[in-house]
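Peer 1: Let me give you the structure first, and then I'll get to my questions.
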Amino acid sequence: RELLRKLEPPTLRMRALVDDLLLLSRLEANPPPDSGDLTPVDLAAVIRSCVSEARVLSEGRHRFDVDADRSLRLLGMESEILSAVLNLITNAVRYSPDGGRITIGWQRTGAGARFSVTDEGIGIAPEHIARVTERFYRVDLAKARVRGGTGLGLAIVKHVLKRHRSQLRVESELGRGSTFYCDFPEALLTTVTPA
């Protein structure tokens with residue numbers, strides 16, 4: 001029983017790594033979805049779900065502020081969008097100090113809409129920003145508060161966004177935090193009246 005207890009964490013890590021590799025391979029190999037495959041994704045609801053998961057990882061050590069337009073929908077592949085949003089929010093937890101604020105936004109802009117995640121974490125040096133979406137690339141995990149992850153999260157985000165006519169942008173300052181954001185074109189947006 002003791003041996004099984006010790007083997008469980010590395011087994012779970014290996015499963016997460018295999019799952020992420022399979023997802024990344026599928027994203028890279030498949031063509032972008034046809035317009036007929038896209039459905040209106042309630043990104044505000046996706047964000048709420050991801051924040052709930054991130055609170056578990058955070059164990060109450062972070063504050064989460066969400067400013068999401070509940071009427072705004074993104075035409076996309078919901079499972080892929082969920083994966084990208086969850087990766088960005090959990091990264092903010094992993095790289096933020098206790099008591100840090102994590103701000104998530106989903107709002108219209110002049111040319112479409114923007115999803116963003118801002119943390120008060122360790123920040124990223126300019127020379128690393130261009131490489132953070134590479135497979136297994138880590139900035140400085142020694143300073144991260146929470147261990148874990150597969151090193152594939154931002155690579156997955158990059159490919160999900162590419163399939164949804166967007167790309168990941170990063171603004172960061174060492175010691176002050178980072179903002180990860182992406183802009184979606186008007187053609188992928190629709191508005192509903194919230195219930």
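The values are calculated or read from the model by the stated rules, or taken from the named source; none is laboratory data. What you see is a predicted model, and the numbers here were worked out from it, not measured in a lab. Using ideal geometry, Cβ is built from the backbone for each residue, glycine included, and neighbour counts are taken over all protein chains shown. These area figures cover heavy atoms from the full protein model, side chains too; ligands, DNA and RNA do not enter into them. Shrake-Rupley method; radii C 1.70, N 1.55, O 1.52, S 1.80 Å.
Peer 1: Sort out which residues of the stretch 20-71 are surrounded by fewer than 14 Cβ atoms within 10 Å (Cβ to Cβ) and assigned to a loop (DSSP other than H, G, I, E, B), and write them in order of number.
Peer 2: Answer for the stretch 20-71, where residues must be surrounded by fewer than 14 Cβ atoms within 10 Å (Cβ to Cβ) and assigned to a loop (DSSP other than H, G, I, E, B): Asn30, Pro31, Pro32, Asp34, Glu59, Gly60, Ser71.
Peer 1: Hey, another quick one. Take the residues of the stretch 62-112 that are hydroxyl-bearing (Ser, Thr, Tyr) and over 16 Å from Ser49 (Cα atoms): which is nearest to the chain's Cα centre (by Cα)?
Peer 2: Among them, the one singled out is Tyr95.
The rows are residues; the columns are (1) open to solvent by less than 70 Å² (accessible area, probe 1.4 Å); (2) assigned to a loop (DSSP other than H, G, I, E, B); (3) at pLDDT below 90.
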| position | (1), (2), (3) |
| --- | --- |
| Ser79 | no, no, yes |
| Ser96 | yes, yes, yes |
| Ile104 | yes, no, no |
| Phe115 | yes, no, no |
| His128 | yes, no, yes |
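Peer 1: Restricting the stretch 151-168 to residues that are open to solvent by 60 Å² or more (accessible area, probe 1.4 Å) and either under 12 Å from the mean Cα position of the chain (by Cα) or not basic (Lys, Arg) (or both), which is modelled with the lowest pLDDT?
Peer 2: Checking each candidate, the answer is Lys158.
Peer 1: Taking the condition farther than 16 Å from Glu171 by Cα and not β-branched (Val, Ile, Thr), does Ser116 pass?
Peer 2: no
Peer 1: Out of all the residues in the stretch 109-119, which are out of contact with any His (no Cβ under 9 Å at 6 or more places or on another chain) and in contact (Cβ under 8 Å) with a residue 40 or more places away in the chain?
Peer 2: Across the stretch 109-119, the qualifying residues are Thr109, Ala111, Gly112, Ala113, Arg114, Phe115, Ser116, Val117, Thr118.
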